[in-house]
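No lab work stands behind these numbers, since they all come straight from the coordinates. Bear in mind the structure is a predicted one, so any value in this text is a computation, not a measurement. For neighbour counting, all protein chains shown are included, and Cβ atoms are generated from backbone atoms with ideal geometry for every residue, glycine included.
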Amino acid sequence: MKLYRSSIFHTPENLFNNPDGLVALEDGGVLVQDGLILECTDFSSMATKHPQAEVIDLRGGVLIPGMIDTHIHYPQGRVLGGLGMPLLEWLEKNTLPTEAKFSDSSFARVVAKEFLHSLVSHGTTTALVFGSHFASAMHVFFEEAAQSGLRIAAGQVVSDRLLRQELHTTPELVYQEGRNLIQSFHARGRLLYAVTPRFSLSASEGILEACAALTKEFPSVRFTSHINENTEEIATVKRLFPQAKDYLETYEQAGLLSQHAVLAHNIHVTDSELGRMATFQTSASHCPCSNSSLGSGFFPFRRHLQAGVRVSLGTDVGGGTGFGMLKEALQAFFMQQLMPDGQKLTPAQLLYLVTRAGAESLCLETSTGDFSSGKAFDAVFIKPMPNSPLAVILQNAEGLDRILPSLFALGSSSDVRQVWVGGDVVYSQPKHFSA
Ligand code: GUN
Ligand code: ZN
């Protein structure tokens with residue numbers, strides 16, 4: 001039995017339903033046995049109750065639940081940093097040429113390792129990952145993901161038009177390759193499979209139907225795609241699906257919407273679409289850095305909440321600006337502050353968005369996302385380098401309410417000291433890096 005002692009923040013509830021649902025402990029403890037949390041409360045009361053527990057002393061830093069990224073692209077780690085183009089031009093010039101290289105499995109393996117390392121070193125313990133168009137690249141990705149110890153839901157990306165010939169497939173192959181990947185990797189250890197048409201612009205009805213055949217046959221797989229990101233994209237989808245009344249209906253008609261579906265972006269969404277997403281319990285992954293970088297638009301957060309649609313956060317590497325979920329939350333905060341009808345987000349809501357909200361979107365909230373009893377010990381220990389601006393704030397903070405916002409304003413991967421999934425250490429900051 002281990003007792004982790006630290007300042008602790010976590011959100012065991014939906015912070016939009018209960019804005020007071022933050023748990024903040026100045027000298028807290030998480031009691032863990034066999035990777036599962038037995039209790040999380042004040043250190044002193046637990047130390048008295050469990051004198052035999054081994055104390056892991058993490059004072060001087062902050063322990064939060066492992067962060068959860070619900071939209072990120074594995075083949076785009078090396079695409080990051082290309083600023084200044086709108087979505088469709090960025091795809092054609094920056095992204096798709098790189099994604100075509102994933103036909104080479106040894107290249108795919110190198111990038112998979114880089115990608116998974118970047119996730120964990122930023123404190124992300126669970127991610128819904130857009131994969132590669134190549135089944136071979138997904139085999140190596142899942143092998144590396146299993147090695148990493150992270151919780152990964154991912155799938156082969158499928159398309160049959162308007163990209164590049166080498167990225168196109170057929171409905172028959174979508175079904176065959178998808179079935180094979182599901183049987184090899186879905187629900188193995190910490191892995192899940194996510195059926196992933198790229199977006200309706202590049203996926204014919206036949207492709208969407210093949211995707212639906214997979215989600216019907218394997219109802220526990222997840223589903224993800226893009227939606228309502230860019231006005232030119234939306235106009236093209238309208239032309240390609242004249243019978244659909246809106247973008248959502250292209251997925252809806254195929255039977256792809258459920259509580260297992262996560263749709264990324266959803267900026268230019270209609271009220272009717274929001275109402276139907278709520279009915280299906282389909283969630284939206286909000287990607288504010290990508291939306292800013294590609295100039296896609298302002299996310300209508302308030303309208304999502306009013307309609308009862310769940311929202312979580314995604315970095316959207318490489319349309320976004322990096323792997324950091326703290327930064328992503330900060331950008332969400334900024335954009336909502338600046339929007340005329342923005343949803344003002346509190347620091348506690350930002351914490352909820354980078355942790356439990358993602359678990360809820362992925363239907364994993366019974367196993368991860370906060371420190372409630374019975375959940376896996378998925379955690380990030382944040383302790384900034386001495387003398388850094390964040391360290392100065394933590395040392396001098398007069399109350400916990402100064403600490404939480406400063407993590408978002410100033411925190412980065414250089415402050416992530418250690419990361420656990422299911423009680424296993426999956427990352428420790430290299431010694432030369434930390435003082
Ligand atoms: N829509 C289709 N493909 C992509 C992609 O790779 N990134 C983003 N942001 N949107 C997309
Ligand atoms: Zn994306």
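Listing for the model above:
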read-out	value
Residue ID - surrounded by the most Cβ atoms within 10 Å (Cβ to Cβ), chosen from residues in the stretch 292-322 that are over 13 Å from HIS265 (Cβ atoms) and within 16 Å of ligand 2 (Cβ to nearest atom)	VAL317
In the stretch 45-96, the residues that are within 16 Å of ligand 1 (Cβ to nearest atom) and of a type in the set (A, V, I, L, M)	ILE72, VAL79, LEU80, LEU83, MET85, LEU87, LEU88, LEU91, LEU96
Subset tally (residues that are assigned to a strand (DSSP E or B) and in contact (Cβ under 8 Å) with a residue 24 or more places away in the chain) for the stretch 29-47	10
Selected residue (only one of PHE115, PHE141 is buried (at least 24 other Cβ atoms within 10 Å of the Cβ), touching a strand residue (DSSP E or B) at 6+ places or on another chain (Cβ under 7 Å) and assigned to a helix (DSSP H, G or I))	PHE141
Selection within the stretch 48-59 - farther than 10 Å from ARG5 by Cα and assigned to a strand (DSSP E or B)	GLU54
Meets criteria (touching a residue at least 60 places away in the same chain (Cβ under 8 Å), part of a strand (DSSP E or B) and under 26 Å from the mean Cα position of the chain (by Cα)) for PHE381	yes
Cross-chain or 6+ apart pairs with Cβ under 6 Å, the stretch 259-276 first and charged (D, E, K, R), then away from ligand 1 (no atom under 15 Å from the Cβ) and assigned to a loop (DSSP other than H, G, I, E, B)	GLU273/ASP246
Residue tally, condition assigned to a strand (DSSP E or B) and among the acidic types (Asp, Glu), over the stretch 1-28	2
Any hit, the stretch 196-204, residues being more than 22 Å from the chain's Cα centre (by Cα) and over 28 Å from GLY358 (Cβ atoms)	yes
Selection status of GLN343, of a type in the set (S, T, N, Q), in a loop (DSSP other than H, G, I, E, B), surrounded by fewer than 24 Cβ atoms within 10 Å (Cβ to Cβ) and more than 16 Å from ligand 2 (Cβ to nearest atom)	yes
Residue count, the stretch 170-189 (criterion: over 15 Å from VAL157 (Cβ atoms) and part of a loop (DSSP other than H, G, I, E, B))	4
Residue ID - surrounded by the fewest Cβ atoms within 10 Å (Cβ to Cβ), chosen from residues in the stretch 263-282 that are under 19 Å from MET335 (Cβ atoms) and under 17 Å from the mean Cα position of the chain (by Cα)	ALA264
Conditions (1) on the phi < 0 side of the Ramachandran plot; (2) within 16 Å of ligand 2 (Cβ to nearest atom); (3) out of contact with any Ser or Thr (no Cβ under 8 Å at 6 or more places or on another chain); (4) in contact (Cβ under 8 Å) with a residue 40 or more places away in the chain: number failed by GLU229	(3)
Unmet criterion (only one of (1) touching a residue at least 24 places away in the same chain (Cβ under 8 Å); (2) surrounded by fewer than 24 Cβ atoms within 10 Å (Cβ to Cβ)) for GLN183	(1)
Residues (under 18 Å from GLN349 (Cβ atoms), part of a loop (DSSP other than H, G, I, E, B) and within 14 Å of ligand 1 (Cβ to nearest atom)) located in the stretch 287-314	CYS287, PHE299, GLY314
Odd one out for CYS289, checked against (1) touching a Lys or Arg at 6+ places or on another chain (Cβ under 6 Å); (2) within 16 Å of ligand 2 (Cβ to nearest atom)	(1)
Number of positions in the stretch 384-435 that are outside any loop (DSSP other than H, G, I, E, B) and hydroxyl-bearing (Ser, Thr, Tyr)	5
Lone qualifier among ILE56, ILE64 - being more than 16 Å from SER372 (Cα to Cα), surrounded by 15 or more Cβ atoms within 10 Å (Cβ to Cβ), of a type in the set (A, V, I, L, M) and out of contact with any Leu (no Cβ under 6 Å at 6 or more places or on another chain)	ILE56
Pick from the stretch 61-104, criterion acidic (Asp, Glu) and in contact (Cβ under 8 Å) with a residue 60 or more places away in the chain, ranking: farthest from HIS286 (Cα to Cα)	GLU99
Lone unmet requirement of (1) buried (at least 23 other Cβ atoms within 10 Å of the Cβ); (2) out of contact with any helix residue (DSSP H, G or I) (no Cβ under 6 Å at 6 or more places or on another chain) for MET325	(2)
